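The values are calculated or read from the model by the stated rules, or taken from the named source; none is laboratory data. This is a predicted model, so every value here is computed, not measured. Cβ placement follows ideal geometry from the backbone for every residue including glycine, while neighbour counts extend to all protein chains displayed.
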Amino acid sequence: MGIEFLGGLAAAAIGTGLSIAATQEDASAMNRTAQNALNEQAALQNKSTRVAQTSAQQSTLPAAQKSMATGQQNAQAQYAQLQGASPASTGLTALDPVRQQQTSDIINQSNAASARLQGYNQWSLDQALKDLQAKEQLGALSQQSGNLQAALPLELQQASHAGDALGLAGTGLSTLGSLAGLYSVYNTGRIPGATAATVPVSGFNFYSPQAQMPSTYGDIQTP
Amino acid sequence: MGGSNSSDTAAQLAAQQNQQIDLGMQQLNNIFSGGTIGTGLLDPSAGLNPNQTYYSPTGAPVTGAAAQNLLGLGDLYSSETTTPGFTPAFYQQRAQDYVNYANPQLQQQFGQTQRNANYQLADAGLQNSGAQQSMQQSLQQALAQQEQGIANTGTQQAQNLQQSVGQEQNALTAQLEASANPSATAQSALNAAAGFSAPSAFAPVGNFFGNWSNLYQAQSAANQQANLLNPAFLQTLLGYRGGGTAPVPGVSYEP
């Protein structure tokens with residue numbers, strides 16, 4: 001065994017090691033890319049959850065009661081403003097106190113009932129607007145998630161080539177080792193005094209390429 | 001290794017698109033809820049004047065390297081504008097506008113209706129009577145009801161507008177998501193906001209007291225008919241005290 005053979009063996013071993021390392025680097029890079037993508041998606045998911053939670057919190061009974069109370073108060077204030085400042089009502093013939101009280105009671109009851117209905121309208125509007133807003137925000141987050149997701153296969157493809165440099169070096173070294181091995185075998189045949197490698201099979205001699213071939217038919221020995 | 005550039009580009013593009021969506025959402029919020037945005041988008045190939053102030057998409061003043069960076073991204077503006085936004089005060093004013101439009105007509109119609117009713121009562125010799133009190137009471141209730149209706153209509157119109165604005169913002173958000181082009185979306189939003197802010201013509205209010213007049217007239221007619229059939233009324237009207245048949249054709253009277 002020559003130095004070439006040992007060198008070739010070492011080179012091939014290092015080359016194989018580098019190839020394994022390259023494969024590991026590829027896997028590691030792909031894992032990192034996938035993990036980053038998962039983290040980004042998780043961040044978007046958290047944002048979406050907050051949007052949904054905020055929206056849900058505005059759909060509770062207390063929130064509805066608050067909306068309805070606001071709508072009711074606004075309507076009552078508008079009625080009071082209009083009816084109190086009505087120029088025509090000041091020109092009305094004065095009613096007797098009993099009729100005036102009856103009239104005021106009827107108007108107040110009507111105002112209260114109508115204002116209550118306005119409160120329901122306000123609640124309905126608040127809910128519709130709240131839902132639209134949540135839909136907008138969730139839509140944007142969904143789109144952003146989709147954009148990142150669309151880029152992921154290409155990012156993974158890139159990550160799968162992260163160990164290419166190592167792999168190339170490994171392949172190079174392996175090839176070098178193989179060549180060195182071949183050279184070693186070839187060179188061994190050339191060493192003076194070295195015997196030809198023969199393997200007797202079924203009465204025939206097989207000669208290594210480096211072994212000296214019989215020069216004439218006369219050299220062939222019959223069994 | 002051949003995929004590196006394409007994947008880098010894809011990842012950068014995705015990140016850039018997402019930034020543009022965030023930016024566009026901010027601009028839409030500033031336009032619809034009130035705030036400042038940049039206007040007059042500059043072409044990325046345009047040169048910058050180092051002494052000039054430029055503006056970011058959200059209307060923040062930028063100069064120097066920051067301006068150059070935004071210009072490269074296609075997000076640099078030459079000026080800024082502040083939008084008041086669709087605040088509760090805006091919608092309240094919208095409701096008040098309808099009240100201001102309809103209420104004077106209501107008051108005018110009320111005065112006319114009241115005069116007509118008073119003339120009828122005067123013709124019947126019923127001024128300062130219980131019938132006039134009853135008419136006034138009824139008319140006062142009708143007026144209050146119509147005032148209530150005007151307030152409700154104004155509120156309803158403001159709420160409809162609020163819903164339209166919300167739907168428009170929603171549509172523009174969808175447009176932004178599809179295009180990832182905040183400047184185009186912001187321009188559309190500005191146009192839409194200007195359209196919503198502009199005063200619109202109100203529908204004619206019609207006859208507020210038509211129903212009341214019809215009912216009052218019908219009730220008056222019914223009362224007159226009933227009075228004609230009322231022996232006590234006839235007795236009073238004709239000063240008739242005796243028995244027998246009342247001197248009104250077709251009306252029998254039993255004392």
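Out of A:L129, A:L125, A:L173, A:L138, report the one residue that is over 30 Å from B:V165 (Cα atoms) and surrounded by 15 or more Cβ atoms within 10 Å (Cβ to Cβ). Walk me through it before giving the result.
On the way: A:L129 fails: over 30 Å from B:V165 (Cα atoms); A:L125 fails: over 30 Å from B:V165 (Cα atoms); A:L138 fails: over 30 Å from B:V165 (Cα atoms).
Selected residue: A:L173, the only one of A:L129, A:L125, A:L173, A:L138 that is over 30 Å from B:V165 (Cα atoms) and surrounded by 15 or more Cβ atoms within 10 Å (Cβ to Cβ).
In this structure, does B:E80 turn out to be of a type outside the set (A, V, I, L, M), within 30 Å of A:K135 (Cα to Cα) and more than 11 Å from every other protein chain (Cβ to nearest Cβ)?
Numbers: of a type outside the set (A, V, I, L, M): yes; within 30 Å of A:K135 (Cα to Cα): yes; more than 11 Å from every other protein chain (Cβ to nearest Cβ): yes.
It is true that B:E80 is of a type outside the set (A, V, I, L, M), within 30 Å of A:K135 (Cα to Cα) and more than 11 Å from every other protein chain (Cβ to nearest Cβ).
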For the stretch B:170-187, pairs from a residue that is more than 18 Å from A:G146 (Cβ to Cβ) to a residue that is among the basic types (K, R) and assigned to a helix (DSSP H, G or I), with Cβ under 8 Å and 6 or more apart or across chains, are B:N170/A:K135
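Does A:N121 satisfy being touching a strand residue (DSSP E or B) at 6+ places or on another chain (Cβ under 7 Å) and either at pLDDT 50 or above or among the hydrophobic types (A, V, I, L, M, F, W, C) (or both)? Lay out the reasoning, then the answer.
Working: touching a strand residue (DSSP E or B) at 6+ places or on another chain (Cβ under 7 Å): no; either at pLDDT 50 or above or among the hydrophobic types (A, V, I, L, M, F, W, C) (or both): yes.
The answer is no for A:N121.
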Kindly establish whether A:Q122 is in contact (Cβ under 8 Å) with a residue 60 or more places away in the chain, in contact with a helix residue (DSSP H, G or I) (Cβ under 6 Å, 6 or more places away or on another chain) and facing chain B (nearest Cβ under 10 Å). no
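So, A:Q76, is that one within 24 Å of B:Q108 (Cβ to Cβ), in a helix (DSSP H, G or I), more than 39 Å from the chain's Cα centre (by Cα) and facing chain B (nearest Cβ under 10 Å) or not? Please lay out each step first, then the result.
Working: within 24 Å of B:Q108 (Cβ to Cβ): no; in a helix (DSSP H, G or I): yes; more than 39 Å from the chain's Cα centre (by Cα): yes; facing chain B (nearest Cβ under 10 Å): yes.
So A:Q76 does not fit the description; no.
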What residue, among those in the stretch B:87-111 that are in contact (Cβ under 8 Å) with a residue 24 or more places away in the chain and over 13 Å from the mean Cα position of the chain (by Cα), is nearest to the other protein chains (Cβ to nearest Cβ)? B:F110
What is the number of the single condition among (1) under 30 Å from B:A10 (Cβ atoms); (2) more than 13 Å from chain B (Cβ to nearest Cβ); (3) surrounded by 13 or more Cβ atoms within 10 Å (Cβ to Cβ) that A:K47 does not meet? (2)
